[in-house]
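What follows is a single structure, written as structure tokens, with notes after it.
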Amino acid sequence: MRKVLFGSGPAVGNGQTQNLYMTVFEPTGDLLTKRPVVVFTFGGSFVTGERSQVYDMCLEFVRMGYVAVATDYRVGFF
């Protein structure tokens, strides 16, 4: 599993720059150069949540041979 910065933008509420990350999960000992990817985002309706909430689902798909990605998004809509 590795954390990758994929973007940044103004945070909701205070306007300061917020970095957005994704955590990438790959099968152990993966020698293939091309694999299907499944992207997961947490629920929370732009109000609350974090990408770690979908880690268990990512791990299930990794066990099936997929690359899985858990992404951030800006929360605090209200």
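Taking Cβ atoms as reference points and 14 Å as the exclusive limit, the residues near K3 contribute a net charge of -1, counting Lys and Arg as +1 and Asp and Glu as -1.
Model label points for L59 and Y21, set 7 angstrom from Cα along the Cα-to-Cβ axis, are 1.8 nm apart. The peptide list 40-51, 61-72, put in order of mean Cβ contacts within 10 Å with the highest first, becomes 61-72, 40-51.
With only Cα atoms counted, the chain has Rg and Dmax values of 14.1, 45 Å. For F42, the residues 5 or more places off, or on other chains, whose built amide H falls under 5 Å of its own are T71. Across the chain, Cα pairs under 8 Å and at least six residues apart give a relative contact order of 36 percent. Sorting the segments 24-31, 53-60 by their residues' average number of neighbouring beta-carbon atoms within 10 angstrom, most packed first, yields 53-60, 24-31. With both residues required to sit in the chain, DSSP beta bridges show an antiparallel share near 70%.
Other residues whose C-beta falls under 15 angstrom from the C-beta of R74 contribute a net charge of -1, scoring Lys and Arg +1 and Asp and Glu -1. Solvent-accessible area per residue in the chain equals 69 Å², computed with a 1.4 angstrom probe and all protein chains kept.
The values are calculated or read from the model by the stated rules, or taken from the named source; none is laboratory data. The model shown is predicted, which means the values in this text are computed figures rather than measured ones. Virtual Cβ from ideal backbone geometry, glycine too; neighbours counted across all protein chains shown. The accessibility values were calculated without ligands, DNA or RNA, using every heavy atom of the protein model including side chains. Shrake-Rupley method; radii C 1.70, N 1.55, O 1.52, S 1.80 Å.
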